[in-house]
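Before any comments, here is the structure.
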Amino acid sequence: MSRPVKKVPLHINSSQGRLLIKGGKCVNDDREFSADIYIEGGVIKELGQNLIIPGGTRVVDAKGKLVIPGGIDTHTHLQKPVEVTPVADDFYHGTKAAISGGTTMIMDLVMEKAGVSPLEAYDKCRELADAMVCCDYGLHMTISGWSEQVAQEMDLLVKEKGINSFEVFHAYKGVLMLDDSDVLKVFSKAKELGSLAMAHCENGEIIEQKADELFDLGITGPEGHALSRPEEVEGEATYRAIVLANQARCPLYVVHVMSKTAANVICEARRKGHVVFGEPIAACLGTDGTNYFHKCWRHAAAHVMGPPLRPDPSTPGYLMDLLANDDLQVTGTDNCTFNVDQKALGKDDFRKIPNGVNGVEDRMSVIWEKGVQSGKMDACRFVAVTSSTAAKIFNIYPKKGHIGVGSDADLVVWDPEATRTISAKTHNHACDFNIFEGMEVHGVPVVVVSGGRVVKDEEGLHLTQGSGQFVPTPPNAPYVYGRVAARDQALAPQKVDREPYTGPVVELAVKVDNVKVTEAAPALSPDIVHRAPTRSGGRNMQESSFALSGEQIDDSKPRNQSRVTNPPGGKSHGLW
């Protein structure tokens, strides 16, 4: 299928890529300041007032508006070969939607089933993405099986391929899920490489059993998806992942934190000094799991994702409060879209509904509406949770996520007063449903600059397929590993120096290794009544060789014929 390619007219971007954004208020994660921004060659060259610029420079008027770093969506699935049906948003449609919403970089997850070489999966994903992306992108790597070869390929991915994050799954049994011993090995290897461990936190064993039980009870609709994945299951897996990462002394990034329970586990771990980051997504910040119980199957199925949205309607506000106060740190979308006819693969069995929702286009506006417009966070915190902190965690700051001289010219002119209504009829996704349908949001990107090029303005989108670049993410991010070395030293096990023990040592009477059976146990006599074993299979302790009839064991001995008339204690009859 051919995809449209929009050539950017020369008058949109000057022949030498010169651009001036004038009159706006710049917002970084640490401060707001008024400055004009001069861009050339895809990077910010100058910041300040009354700049002297070359002729032929295009000027973008940002008066009365904010200028913010382009958004970084930390979690997308624009290819997902483990699904039985392809995702609707591929690398072209997904990045097109991202740019429309003010996101100028996505980080996609390379996924393959166990047994497929991570390097092979990486190469396949790069080939797809490089030809299709409309904005810059980075990659995370899924580890779905463990072997010495996988360990060696993790080395190459970090040192030669620009990957510094590896995700494990505690769910999707038989496809992606690892057991705890293999998770610990992945985390230990990630720590050795100075990379970041990531975890999808659910319990695949519990989910499989509960899903089958619910189906056997006749629950076949989308509500079964939520019921088979209760909140405490996400909380348990989150706690387990944190424990495993801590034992490996490896920093951990928990993807799509969907519940209060999981979020509280992360908060508590951070208070104890664990290096762990939590990522709520646009879906759980903007809507909730009551949708699974909607009377319309189409509506309910469109919200199916894992972990599921939580039915408690107070969850989005609770998670936003934590995000606003840095108890949770960054936002992604887990954008993984399917059309209704694809979701209908599970029309009679919720276990077969493809998991995934939209979000990459609406993330920025939803967070502004629910976070800034509601008064829970300021513009600087908005920049932190949508861009800057992600850039720091994945070690691409200040190249990305920052307005400063030398930073990439990925910028958004943001109108905080403008509003729009989200709808599947107007969105740029390739899917036919939007989980935020009908939501009115404040905060609209009016101009988007990606790599120094204006890719969105009042005239619409100006995209070139394949124009985005792969952004390597180097290991040993200071934001992540800055305190790990000192922490490792402080927590290192210490040997106790003491005088050697010189006292006596007991000798074991029997050495188990030297025991030999010298005589077989005697066979059971057929003349003796033997009771059946107990229900647990043990010997019946009421069994006895004594019997009142039949052959006796002492029949060969002479018997005493004397009659006892006065036994000890006196007669047993007569008058007393």
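The values are calculated or read from the model by the stated rules, or taken from the named source; none is laboratory data. Quick caveat: nothing in here was measured; it's all calculated off a predicted structure. Quick reminder, even Gly has a Cβ in these numbers, built from the backbone with ideal geometry, and neighbours come from all protein chains shown. The accessibility values were calculated without ligands, DNA or RNA, using every heavy atom of the protein model including side chains. Shrake-Rupley method; radii C 1.70, N 1.55, O 1.52, S 1.80 Å.
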Can you give me the % of accessible surface on the range 383-430 that is carbon or sulfur? Probe 1.4 Å, all protein chains present, nothing else counted.
49
Between the range 138-189 and the range 440-467, how far is it from one alpha carbon centroid to the other, in angstrom?
35
If each residue of separation counts as 0.36 nm, what is the full-extension length gain between A424 and V116 once their alpha-carbon separation is subtracted?
107.3 nm
Efficiency by 1/(1 + (r/R0)^6): what FRET value for D326 and R487, r their Cβ-Cβ distance, R0 = 22 Å, to the nearest 0.05?
0.70
Could you order the peptides 208-220, 68-80 from most to least packed, using the average number of other C-beta atoms within 10 Å per residue?
68-80, 208-220
Which residue, chosen from V444, A485, G460, occupies the Cα position most advanced towards the positive end of the dipole of the range 437-490, where the dipole is computed from +1 (Lys, Arg) and -1 (Asp, Glu) charges on Cβ about the Cα centre?
A485
Explain nothing, just compute: Karplus ³J(HN,Hα) = 6.51 cos²θ - 1.76 cosθ + 1.60, θ = phi - 60°, for every residue of the range 351-361 in order, whole Hz, x for Gly and Pro.
5, 9, 6, x, 8, x, 9, 8, x, 5, 7
Take the Cα pairs of the range 62-204, get the Kirkwood Rh, then feed it into Stokes-Einstein at 20 °C and 1.002 mPa s and tell me D in µm²/s.
133
Please identify the helices of the chain, taking whole runs of DSSP H, that span at least 30 Å along their own axis as judged from the Cα atoms and have a mean Kyte-Doolittle score of 1.0 or higher.
none
Across K45/K65; K260/K400; K210/K260; K173/K343; K392/K425, pairs whose alpha-carbon gap is larger than 24 Å:
K260/K400; K392/K425
Mind grabbing the base-10 log of I(q)/I(0) for the range 221-263 at q = 0.17, 0.25, 0.28, 0.32 Å⁻¹? Debye formula, identical points on the C-alpha positions, no solvent, two decimal places.
-0.52, -0.86, -0.97, -1.09
Please identify which residues in the range 67-94 have an amide N closer than 16 Å to a label point set 7 Å out from the Cα of V340, following the Cα→Cβ vector.
none
Once amide hydrogens are built 1.01 Å from N within the peptide plane, the residues lying 5 or more places from T473 or on another chain with amide H under 5 Å from its amide H are I163, N164
So how strong a dipole does the range 32-148 carry about its Cα centre when Lys and Arg Cβ are +1 and Asp and Glu Cβ are -1, to the nearest 20 debye?
340
For K124 and E148 in the same chain, what is the full-extension length gain: residue separation times 0.36 nm, less their Cα-Cα distance, in nm?
6.5 nm
Quick one: net charge of D216's neighbours, Cβ under 12 Å, K/R +1, D/E -1?
-1
Counting only residues 5 or more apart in sequence or on a different chain, those whose built amide H sits under 5 Å from that of V175 are none
Please work out the C-alpha center-to-center distance from the range 208-256 to the range 48-107 and express it in whole Å.
32
Would you mind computing the Rg to Rh ratio of the range 129-287 from its alpha-carbon coordinates, Kirkwood style for Rh?
1.00
Stretched out fully, how many nm does the piece from D61 to A131 gain, at 0.36 nm a residue minus the Cα gap?
21.9 nm
If you restrict to DSSP beta bridges whose two residues both lie in the chain, what percentage is antiparallel, to the nearest 5?
45
So what's the range 439-508 giving for Cα Rg divided by 2.2 N^0.38 Å, two decimals?
2.74
Considering only protein heavy atoms, what per residue accessible area in square angstrom results for the chain with a 1.4 angstrom probe?
48
Rule-of-thumb check for the range 92-134: C-alpha Rg over 2.2 N^0.38 Å?
1.34
Two-decimal log10 I(q)/I(0) for the range 337-492, as the Debye equation yields it once each C-alpha is a single scatterer, q = 0.09, 0.10, 0.19 Å⁻¹
-0.43, -0.53, -1.28
The range 273-423 - convex hull of the alpha-carbon atoms, volume per residue in Å³
147
Kirkwood calc, the range 351-395, C-alpha pairs only, radius in angstrom 12.2
List the residues, sorted by chain then number, that are 5 or more residues from R310 or on another chain and whose placed amide H is less than 5 Å from its amide H.
G289
With a 1.4 Å probe and every protein chain kept in, tell me what percent of the accessible surface of the range 196-241 is carbon plus sulfur.
52
Rg (Å, one decimal) plus Dmax (Å, integer) for the alpha carbons of the range 105-164?
11.5, 37
Answer label, with log10 I(q)/I(0) by the Debye sum over Cα atoms at q = 0.05, 0.07, 0.08, 0.09 Å⁻¹ calculated from the coordinates and candidates (1) -0.20, -0.39, -0.52, -0.66; (2) -0.31, -0.49, -0.59, -0.70; (3) -0.27, -0.52, -0.68, -0.85:
(2)
From largest to smallest, what semi-axes in whole angstrom does the range 399-461 give when each is the square root of 5 times an eigenvalue of its alpha carbon gyration tensor?
26, 14, 11
In percent, what relative contact order does the chain have, based on Cα pairs under 8 Å that are 6 or more apart in sequence?
18
What does the range 307-351 give for Rg and for Dmax, in Å, if only its C-alpha atoms count?
15.1, 43
How big is the dipole moment of the chain about its Cα centre under a simple scheme where the beta carbon of each Lys and Arg is +1, that of each Asp and Glu is -1, and everything else is neutral? Debye, nearest 20, please.
600
Mean residue ellipticity (222 nm) of the chain, computed from DSSP H runs ≥ 4 via -39,500 (n - 2.57), nearest 500:
-7500 deg cm²/dmol
Kirkwood Rh, Cα atoms: Rg over Rh of the range 26-126
1.14
